[in-house]
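A.B. asks: My questions all concern the structure below.
The values are calculated or read from the model by the stated rules, or taken from the named source; none is laboratory data. Every value quoted in this text rests on a predicted model; they were computed, and no experiment measured them. Note that each Cβ is placed from the backbone with ideal geometry, even for glycine, and that neighbours are counted across all protein chains shown.
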Amino acid sequence: MTDLPFTQYQVFHLKANTLREQISAYYQETQNSSVTIQLLLAMKIRNQLGEKDFELFLKDLVRHLFSKATVNRALRRYFYFFSEYFEETEWEMMTARCFPPEHSHTDLMEVIQADTTVTGTDSDLSESS
């Protein structure tokens, strides 16, 4: 994690209420979804380490980031870590938002190279165009 507003010690030792206020304030001030989602992932790690105060930490902020913030590389990278923050139907919508389906194309849309076996030289072709 680079350019974080907190030290590693603060991230893993401050109380849940303090971090809740500071992370929310940081996001409100900077609107930096990349750093915010990294901080929220660190809070999930604290929860996994046994600190129950961090269960579904800042749920509203997580939901806001994935539903309203501009989708960026960090949101896509950490997307699957936050599945429990959404109901099944919401999760499908968030998946479609973060990972839109590839555009389908047909044979008519493919670019086909011109056949180079046409009689004539390159200069004849350039003069005709």
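A.B. asks: If you go through the range 19-33 one residue at a time, how many are assigned to a helix (DSSP H, G or I) and surrounded by fewer than 19 Cβ atoms within 10 Å (Cβ to Cβ)?
C.D. replies: First, pick out the residues of the range 19-33 that are assigned to a helix (DSSP H, G or I): 19-30, 33.
Imposing the further condition that a residue be surrounded by fewer than 19 Cβ atoms within 10 Å (Cβ to Cβ) reduces the set to 20-22, 24-26, 28-30.
The number of residues fulfilling the criteria is 9.
A.B. asks: Let me ask another. Scan the range 71-82 for residues that are under 17 Å from residue 100 (Cα atoms) and either in contact with a helix residue (DSSP H, G or I) (Cβ under 7 Å, 6 or more places away or on another chain) or among the aromatic types (Phe, Trp, Tyr) (or both) and jot them down.
C.D. replies: Taking the range 71-82 as the starting set, the residues that turn out to be under 17 Å from residue 100 (Cα atoms) are 71-80.
Scanning the range 71-82 gives 71, 72, 74, 75, 76, 78, 79, 80.
A.B. asks: Next question, about the same structure. Being loosely packed, with under 14 Cβ neighbours inside 10 Å and in contact (Cβ under 8 Å) with a residue 12 or more places away in the chain is the filter here, so list the residues in the range 46-66 that pass it.
C.D. replies: Hits for the range 46-66 are 53, 56.
A.B. asks: Filter the range 60-83 down to residues that are basic (Lys, Arg) and outside any helix (DSSP H, G or I), then give me how many there are. Outline the logic, then answer.
C.D. replies: Within the range 60-83, the first condition is being basic (Lys, Arg), and the residues that meet it are 63, 68, 73, 76-77.
Then drop every residue that is not outside any helix (DSSP H, G or I), which leaves 68.
Residues flagged as basic (Lys, Arg) and outside any helix (DSSP H, G or I) within the range 60-83 amount to 1.
A.B. asks: When the residues of the range 67-106 are filtered to those that are free of Cβ contacts under 8 Å to residues at least 40 places away in the same chain and aromatic (Phe, Trp, Tyr), which remaining residue is farthest from residue 17 (Cα to Cα)? Break it down stepwise before answering.
C.D. replies: The initial filter retains those residues of the range 67-106 that are free of Cβ contacts under 8 Å to residues at least 40 places away in the same chain, namely 67-73, 76-77, 79-80, 83-106.
Okay, now just the ones that are also aromatic (Phe, Trp, Tyr), so 79-80, 85-86, 91, 99.
Values: 79: 24, 80: 25, 85: 19, 86: 22, 91: 27, 99: 33 Å.
Restricting to residues being free of Cβ contacts under 8 Å to residues at least 40 places away in the same chain and aromatic (Phe, Trp, Tyr), the top hit is 99.
A.B. asks: Take the range 68-83 and flag every residue that is surrounded by 13 or more Cβ atoms within 10 Å (Cβ to Cβ) and among the small types (Gly, Ala, Ser).
C.D. replies: Those that are surrounded by 13 or more Cβ atoms within 10 Å (Cβ to Cβ) and among the small types (Gly, Ala, Ser): 69, 74.
A.B. asks: So, in the range 47-59, exactly how many residues are basic (Lys, Arg), at pLDDT 90 or above and farther than 20 Å from residue 33 by Cα? Give the derivation first.
C.D. replies: Residues of the range 47-59 that are basic (Lys, Arg), as a first pass: 52, 59.
When the remaining residues are screened for being at pLDDT 90 or above, the result is 59.
Imposing the further condition that a residue be farther than 20 Å from residue 33 by Cα reduces the set to none.
Residues flagged as basic (Lys, Arg), at pLDDT 90 or above and farther than 20 Å from residue 33 by Cα within the range 47-59 amount to 0.
A.B. asks: For residue 5, only one of the following conditions fails: (1) in a helix (DSSP H, G or I); (2) surrounded by 14 or more Cβ atoms within 10 Å (Cβ to Cβ). What is its number?
C.D. replies: Failing condition for residue 5: (1).
A.B. asks: Could you tell me which of the residues 114, 96 is at pLDDT 90 or above and more than 23 Å from residue 32 (Cβ to Cβ)? Write out each step before concluding.
C.D. replies: On the way: 114 fails: at pLDDT 90 or above.
None of the others qualify; the one that does is 96.
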